[in-house]
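A.B. asks: Structure below; questions to follow.
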Amino acid sequence: MAIKIDIFSKNIELNPALREFIEEKLGSLDRYIPGLADIRVEIARPSKHHRSGHVFYAEANVKLGGKVLRAQAHHLDLHSAIIDVRDELKELIKKFKEKRADSARKPRK
């Protein structure tokens, strides 16, 4: 089952190259959770007048086992923000899987 990635943008043009970059980077999360249903990604430039500092924003939400895992990043470069979100989601997924495995190993009282 392939990952379904819904991409939303605000104050940024979502061109095919950017869409492909997002799908490539976040699609790689499939190896951590096979059959992962869908990811909701939002990329934005919070305001059109902001020209310096961390002007790009990326956020991703993953529904997993009745929980929502959420990662977000602000960065100078949109591509770097997307990569930061992917890395944060990867860690959240690993932590979620470890917690679920640990609770399965605990003896029932």
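A.B. asks: Name the single residue, out of those in the stretch 1-26 being touching a strand residue (DSSP E or B) at 6+ places or on another chain (Cβ under 6 Å) and of a type in the set (Asp, Glu), that is farthest from Asp84 (Cα to Cα).
C.D. replies: Filtering the stretch 1-26 for residues that are touching a strand residue (DSSP E or B) at 6+ places or on another chain (Cβ under 6 Å) and of a type in the set (Asp, Glu), the one farthest from Asp84 (Cα to Cα) comes out as Asp6.
A.B. asks: Pull out all pairs, ordered by first then second residue, where Cβ-Cβ is under 6 Å, the residues are six or more apart or on different chains, the first lies in the stretch 66-77 and is in contact (Cβ under 8 Å) with a residue 24 or more places away in the chain, and the second is among the small types (Gly, Ala, Ser) and in a loop (DSSP other than H, G, I, E, B).
C.D. replies: none
A.B. asks: Can you tell me which residues in the stretch 1-13 are over 18 Å from Gln72 (Cβ atoms) and either exposed (fewer than 13 other Cβ atoms within 10 Å of the Cβ) or of a type in the set (Lys, Arg) (or both)?
C.D. replies: Those that are over 18 Å from Gln72 (Cβ atoms) and either exposed (fewer than 13 other Cβ atoms within 10 Å of the Cβ) or of a type in the set (Lys, Arg) (or both): Met1, Ala2, Lys4, Glu13.
Rule-based calculations on the coordinates, nothing more; no lab input. Keep in mind it's a predicted model, so treat the numbers as computed, not measured. Using ideal geometry, Cβ is built from the backbone for each residue, glycine included, and neighbour counts are taken over all protein chains shown.
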